[in-house]
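Trainee: There's a structure below that I have some questions on.
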Amino acid sequence: DTLILIFVCLLYGFAHRLFPKNIAFYVVCINFVLDSVISLASMATNVYVRDLSSSREELTATLTTGISVNHLISVMIALLGGYIWKTLGIEVLFTLSAVLGLLNSIFAATIKKPESTMFNA
């Protein structure tokens, strides 16, 4: 889902420069649908976390922490994002968002699957 996020962020940030205004509108509309798909992909993340967890307690703690951290970051990023948009422009904001998506993908690739989980123990 973070690879889609990179693409979505870059299109949001640069559609008005890459396409004529009337086409950019449709590109951003299609992009919005892709952006919504990312929200659905969070369900896949929950399944992946379940596969990595060694117990139900670990699963519950991990998902609860993830939701809390995501909420905190969402609030902070909204404030920072508004400031970046106003001072540096939409292109910088969405380029930074794409970079964060790339870093997220790199980090996720480093997660090793444990040999024993609650489903194969």
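Trainee: Lys113: which aspartates and glutamates have alpha carbons under 19 Å from its alpha carbon, excluding same-chain residues fewer than 8 sequence positions away?
Mentor: Asp1, Asp51, Glu57, Glu58
Trainee: Here's a follow-up. Between Ala44 and Arg17, what length comes free when the chain is fully extended (0.36 nm per residue of separation minus the Cα-Cα distance, one decimal in nm)? Kindly include the intermediate steps, with their values, before the conclusion.
Mentor: Details: separation 27, 0.36 × 27 = 9.72 nm, distance 3.34 nm.
Contour length minus the Cα-Cα distance gives 6.4 nm.
Trainee: Still on this model: Calculated from the structure, P(r) over Cα pairs in 5 Å bins from 0, in percent equals which of (i) 2, 10, 14, 20, 18, 13, 9, 6, 4, 2, 1, 0; (ii) 2, 9, 16, 15, 12, 10, 10, 10, 8, 5, 2, 0; (iii) 2, 11, 17, 19, 18, 12, 9, 6, 4, 2, 1, 0?
Mentor: (i)
Trainee: Another question, if that's okay. In straight Cα distance, which lysines are under 27 Å from Lys86, not counting same-chain residues fewer than 8 positions off?
Mentor: Within the straight-line cut-off, Lys86 pairs with Lys21.
Trainee: Which distance in nm do the two modelled labels at Trp85 and Ser55 give, with both placed 7 Å along the Cα-to-Cβ direction?
Mentor: For the pair Trp85/Ser55, the computed spacing is 4.4 nm.
Trainee: Report relative contact order for the chain in percent, whole number only (criteria: Cα-Cα under 8 Å, sequence separation at least 6). Don't skip to the answer; put the middle values down first.
Mentor: On the way: 79 pairs, mean separation 54.3, N = 121.
Once normalised by length, the contact order is 45 percent.
Trainee: Taking the Cα atoms only, what angle lies between the long axis of helix 2-18 and the longest principal axis of the chain, rounded to 10 degrees?
Mentor: Around 0 degrees separate the two axes.
Trainee: What full-extension length gain, to one decimal in nm, is calculated for Val27 and Ser74 as 0.36 nm per residue of separation minus the Cα-Cα distance? Provide the component values of the computation, followed by the final result.
Mentor: Numbers: separation 47, 0.36 × 47 = 16.92 nm, distance 2.49 nm.
Net length gain for the segment: 14.4 nm.
Trainee: For n ≥ 4 DSSP H runs only, could you compute -39500 (n - 2.57) per run for the chain, divide by its residues and tell me the 222 nm figure to the nearest 500? Intermediate results must be reported in sequence, preceding the final value.
Mentor: Values: 4 runs with 102 residues, N = 121.
It comes out at -30000 deg cm²/dmol, rounded to the nearest 500.
Trainee: Sticking with this structure for a sec: Using 1/(1 + (r/R0)^6) with R0 = 25 angstrom and r between the beta carbons of Ser36 and Ala109, what's the FRET efficiency to the nearest 0.05?
Mentor: For Ser36 and Ala109, the calculated efficiency is 0.50.
Trainee: Once the other residues with Cβ under 11 Å from the Cβ of Tyr48 are scored (Lys, Arg +1; Asp, Glu -1), what is the net sum?
Mentor: Values: positive: Arg50, Lys113; negative: Asp1, Asp51.
Once positives and negatives cancel, what remains is 0.
Read-outs: derived from the displayed coordinates by stated rules, not from any lab. On a predicted model such as this, the values are computed, not experimentally measured, just so you know. Glycine also receives a Cβ, built like all others from the backbone with ideal geometry; neighbour counts cover every protein chain displayed.
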